[in-house]
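Let me begin by presenting the structure, written as structure tokens, before commenting on it.
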Number of protein chains: 2
Amino acid sequence: MSGRPTIVEVAAQAGVSIASVSRVLNGKSARSETQQRVRAAVTDLGYVPHATGRALKLGSTLQVAFAVDDVGNPVYTEMMQGVEDGLSGSGGRLLVASTGHDPTDLLALVHSLSRGYADALIISPLRRSPELVAALVALPVPVVVIGQLGDEVPLDVVRTDSRAGVILAHRHLLESGRRRIAFVNGPPDTAPGQARLEGFQEACAAAGLAGRIIQADGFTVTAGEAAWSQVESISPRGRPDAVIAANDLLAFGVMRGAASAGRRVPRQLAVVGIDDTQFARVFSPSLSSVSLGARERGRIAARLLLDRIAAPGIPFRTERVAPRLVVRESSAPLVALAPRPGVPSRPRTPRHPSIASSTSNRSRTS
Amino acid sequence: MSGRPTIVEVAAQAGVSIASVSRVLNGKSARSETQQRVRAAVTDLGYVPHATGRALKLGSTLQVAFAVDDVGNPVYTEMMQGVEDGLSGSGGRLLVASTGHDPTDLLALVHSLSRGYADALIISPLRRSPELVAALVALPVPVVVIGQLGDEVPLDVVRTDSRAGVILAHRHLLESGRRRIAFVNGPPDTAPGQARLEGFQEACAAAGLAGRIIQADGFTVTAGEAAWSQVESISPRGRPDAVIAANDLLAFGVMRGAASAGRRVPRQLAVVGIDDTQFARVFSPSLSSVSLGARERGRIAARLLLDRIAAPGIPFRTERVAPRLVVRESSAPLVALAPRPGVPSRPRTPRHPSIASSTSNRSRTS
DNA sequence: TTGTAGGCGTTATCAT
DNA sequence: ATGATAACGCCTACAA
């Protein structure tokens, strides 16, 4: 009557011991009559085993925490779906610790994890402060990091190579006939901000071009819009004819800013994003973007985690997902755009059978 | 050495009893010397109280579950951020149960909640099956539902009125000079699908217009694109000049489909979405949309929950958030578009000072 | 096959 | 102010 029924009451009702109840419920051997009585009592009382008791005894909660800096960024939702995919069937629940943009939050969260809320942690941090790394290593549960980490850190890691991703984008823009390529970066004190900046600089050096770098103050759409207004203030002579944005949200912001200023994409400005989020192909014009396999990285992270839980002693691994350029409308080659200057409003399918098709979903791997 | 330190080891190290350790850690009175010794031992051993033990004793986990059908839909991310906002400071963690699109998942999740994983549940279900409602009511923890529920269900509810939202959108399209208004709906067996359909039918009746209804098979971008191809197959004479989509994702799909078919938005086709997700203002053209206050609903849900936890006995409440039309470019009035037919590519700011501005962020409440 | 009993880590009562 | 001890709900040797 008072509160939920416990195993004791079930045992009493069934006229057996609590051990028998537990056994029946966990599929251990028991006489069929005992099983009957226990099951009857269970449905009778509406008994549901309490997770906490079990967790305390077994020492595991069957919860996996997933921590990111910004759930508002679709790339993390996709990553999370990947994690869910990879976890499905393992009987675990997902504990999502999003935390706003406060950088101390992630650290606080990691610390709170050492209270045993979760059996494991998958984390994709924007910044890798020494404190964070130390906290992760000290955690009493398995940790998988999605992102770049120092080489010698004893953790399982899922990486991609966003530096190479930027280089892919740069080469593609060169091939599509652009020469004044600018880079809109997010905060350079983040791991992706740093890697992508390096990629851009390397690409520029290789091409013998001086690429302009614009700093946005976040990886958000709004930051991208603000960054665009910086571009607009550049004298027309030096104004870029192409932009690589450090992620899709920035790219969306740039495209919106450009549209508001009356600039035509891709005719006057080519744009390439990074992450290939679900909205990249939906925008008009659709956004060319470098996929970093967010969903796959999530799935792999889950797999690494399950492997480690199964065999805690195995050596730490680093898995890699290669970046993949997905060419869409926003970076259509100039040669394809030239023939029909008078009809800009038509769908921008290039009439010229050039290397890169601007059709929605073609992709090119490198 | 073996595993994490427990309160027993701390007590031994400090030379006091476990009761004293517990007291010090929970801020009960203790002699200052005792406090010193305990704190020293704690830092010394790196002791962190184990959540499971505490939960078992206290009977509460400090976890709140948030369940939705599709985390891929940004409206739910926003709702979740609202929940987080509202929960912050309460010391609770958020357990996000997303579950793919399998409708049985939500039910399974709700059942699993009765295992005591969480102290409370906030749920925003697409479909309200009798089984689900029954399971929710039977749950031994407080439940707040975001969405429509039967009137007499003994639960706290946060509602909006998406039926009225559709009517807002319809009226706005009439004012912007459209007459052949179609409605792209999601599955009609969902609560929003049903309410929005009713709203459309009511609006059509009031206007004396026969509105065409197109069924999409989901609330997704892809479903919206497919729905658009149905529209394209309509004979030119009866083809709509405006579309209300049952949510933003469908609207994005429609706009993408329309763009691929060479239709111009808003000149040839006006589009209005529902939810006013973060990408509505970013798209080109930016999407007019009816905001249902997802973030605010999340915040309110959290508040209702905290109130109920504080005082379990209080009567159940239903809070309402009014829909709010946000007018943007995708539904610019025809009169504003007419004057300059030769320059369609310029930003679509209307030259005519009409009722509804098409500037990005203006909103009109009703 | 079944029951008894101990323990997982914590908090809280009740003596001292 | 402090310590011994009993729960909390469950699982699992071990003994019968």
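A few remarks follow.
- Gyration tensor (alpha-carbon) shape descriptor, the protein assembly as shown, a/c threshold 1.5: oblate
- Summed residue charge, Cβ within 15 Å of A:SER32's Cβ, Lys/Arg positive, Asp/Glu negative: +4
- Across peptide B:114-121, the average count of Cβ atoms from other chains found within 10 Å of a residue's Cβ is 4.
- Of A:ILE309, B:VAL282, A:GLY199, farthest towards positive along the dipole that unit charges on Lys, Arg, Asp, Glu beta carbons give the protein assembly as shown: B:VAL282
- Kirkwood Rh in Å, taken over the range B:1-49 so that all alpha-carbon pairs contribute: 10.4
- A simple charge model with +1 on the Cβ of Lys and Arg, -1 on the Cβ of Asp and Glu and nothing else charged puts the dipole of the protein assembly as shown at about 1880 debye relative to its Cα centre.
- Residue of chain A whose Cβ sits closest to the axis mapping A onto B, with distance in whole Å: A:VAL96, 2
- 29 Å tail of the calculated P(r), the range B:169-322, as % of Cα pairs: 23
- Here the dipole of the range A:1-49 is about 160 debye; that uses its Cα centre as origin and unit charges on the Cβ of Lys and Arg (positive) and Asp and Glu (negative).
- Alpha carbon centroid spacing (whole Å) that separates the range A:23-41 from the range A:260-290: 61
- For the protein assembly as shown, the residue among B:GLY238, A:SER291, A:THR77 whose Cα projects farthest onto the positive side of the dipole built from Cβ charges is B:GLY238.
- Degrees, to the nearest 10: A:248-260 long Cα axis against longest axis of chain A: 40
- In the range B:1-49, Cα pairs under 8 Å separated by at least six residues give a relative contact order of 47 percent.
- At 7 Å out from Cα toward Cβ: A:GLY3 inter-copy label distances (nm, ascending): 2.4
- For A:GLN201, label point 7 Å along C-beta direction: distances to other copies, nm: 6.4
- The Kirkwood radius of the range B:44-182, taken over pairs of alpha-carbon atoms, gives through the Stokes-Einstein law at 10 °C and 1.306 mPa s a diffusion coefficient of 92 µm² s⁻¹.
- Per-copy distances of the B:GLY53 label point, shortest first, in nm (7 angstrom along Cα→Cβ): 2.0
- When only the Cβ of Lys, Arg, Asp and Glu is charged (+1, +1, -1, -1), the dipole of the range A:269-332 relative to its Cα centre reaches about 200 debye.
- Its residue count N fixes a reference of 2.2 N^0.38 Å for the range B:258-340, and the Cα radius of gyration divided by that reference is 1.63.
- Column: log10 I(q)/I(0), Debye, Cα scatterers of the range A:29-74, q = 0.16, 0.17, 0.22, 0.28 Å⁻¹: -0.70, -0.74, -0.89, -0.94
- If you look at the Cα atoms of chain B, you get an Rg and a Dmax of 26.4, 90 Å.
- Stokes-Einstein D for the range A:1-98, Kirkwood Rh over Cα pairs, 37 °C, 0.692 mPa s (µm²/s): 204
- Overall form of the range B:171-244 per C-alpha gyration tensor (a/c, 1.5; a/b vs b/c): oblate
- Using alpha-carbon coordinates, inclination of helix B:103-113 to the longest axis of chain B, degrees: 20
Taken together, the values in this text are just the output of simple stated rules run on the coordinates, not laboratory data. Source: prediction; values computed, not measured. Using ideal geometry, Cβ is built from the backbone for each residue, glycine included, and neighbour counts are taken over all protein chains shown.
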